[in-house]
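Below is one structure, written out as structure tokens; the observations come after it.
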Amino acid sequence: MIMCASVALANARVPLYDLVASAMVSQRSALAANADTDGADDNAEGDSGAGAWLLDPTAKELDGARASVAVAYMAARNQVTLVDASGDWDTPQALKECMDTCVDGCKKMRPILGARCSLQASDTPA
């Protein structure tokens, strides 16, 4: 939703500092892993048991998450604009690593968002 709002504002030519990209990481709970008794799994790499970290999880995966963090980021300002963490984190280091993963994902999304919005340097206000 954050990226959709950011792109909509940019397409409406609302003055912005930058486009805001977002990403989420969640950790699968033991209950969610045990619920998959049929062996069919959405994760092609097969690393979706209890404790597996999922980047941009689906709604179903998020419902069964032990912990999750969402981050919104403005690359042009190197600024995190939102952190929404919930659940049971093993250590503060685990939360930091997941936040760093989200920021890295946001940095990769920024050029794609800009291309979709056709933003040019001359289009942005001074």
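Could you list, in sequence order, the residues of the stretch 1-30 that are charged (D, E, K, R) and over 14 Å from Thr81 (Cα atoms)?
Step one: filter the stretch 1-30 for residues charged (D, E, K, R), giving 13, 18, 28.
Of everything in the stretch 1-30, those that are charged (D, E, K, R) and over 14 Å from Thr81 (Cα atoms) turn out to be Arg13, Arg28.
Which condition does Pro57 not pass, out of (1) open to solvent by less than 90 Å² (accessible area, probe 1.4 Å); (2) in a loop (DSSP other than H, G, I, E, B); (3) in contact with a helix residue (DSSP H, G or I) (Cβ under 7 Å, 6 or more places away or on another chain); (4) modelled with pLDDT of 90 or more, if it passes all the others?
It fails just one condition, (3).
For the stretch 91-110, check the following and say yes or no: at least one residue is closer than 17 Å to Ile2 by Cβ, open to solvent by 20 Å² or more (accessible area, probe 1.4 Å), of a type in the set (Lys, Arg) and at pLDDT below 90.
yes
Which ones in the stretch 60-78 are of a type outside the set (A, V, I, L, M), in a strand (DSSP E or B) and either modelled with pLDDT under 95 or under 13 Å from Ser29 (Cβ atoms) (or both)?
Within the stretch 60-78, Arg66, Ser68 qualify.
Restricting the search to the stretch 72-106, which residues are of a type in the set (Gly, Ala, Ser) and within 13 Å of Val20 (Cα to Cα)? Talk me through it step by step, then tell me what you get.
So the first thing to find is which residues in the stretch 72-106 are of a type in the set (Gly, Ala, Ser), and the list is 72, 75-76, 85-87, 94, 105.
Listed by number, the residues that qualify are Ala72, Ala75, Ala76, Gly105.
Being more than 13 Å from Tyr73 (Cα to Cα), modelled with pLDDT of 55 or more and touching a helix residue (DSSP H, G or I) at 6+ places or on another chain (Cβ under 9 Å) is the filter here, so list the residues in the stretch 16-53 that pass it.
Within the stretch 16-53, Leu16, Val25, Ser26, Gln27, Arg28, Gly49, Ala50, Gly51, Ala52, Trp53 qualify.
Can you find a residue in the stretch 78-85 that is touching a residue at least 40 places away in the same chain (Cβ under 8 Å) and open to solvent by less than 80 Å² (accessible area, probe 1.4 Å)?
yes
So, in the stretch 75-96, exactly how many residues are under 13 Å from the mean Cα position of the chain (by Cα) and more than 25 Å from Gly51 (Cβ to Cβ)? Steps first, please.
Applying the first criterion (under 13 Å from the mean Cα position of the chain (by Cα)) to the stretch 75-96 yields 80-85.
When the remaining residues are screened for being more than 25 Å from Gly51 (Cβ to Cβ), the result is 80-82.
Result for the stretch 75-96: 3.
The values are calculated or read from the model by the stated rules, or taken from the named source; none is laboratory data. Every value quoted in this text rests on a predicted model; they were computed, and no experiment measured them. Note: ideal-geometry Cβ built from the backbone for every residue, glycine included; neighbour counts use all protein chains shown. Areas reflect the complete protein model, heavy atoms only, side chains present, ligands, DNA and RNA absent. Shrake-Rupley method; radii C 1.70, N 1.55, O 1.52, S 1.80 Å.
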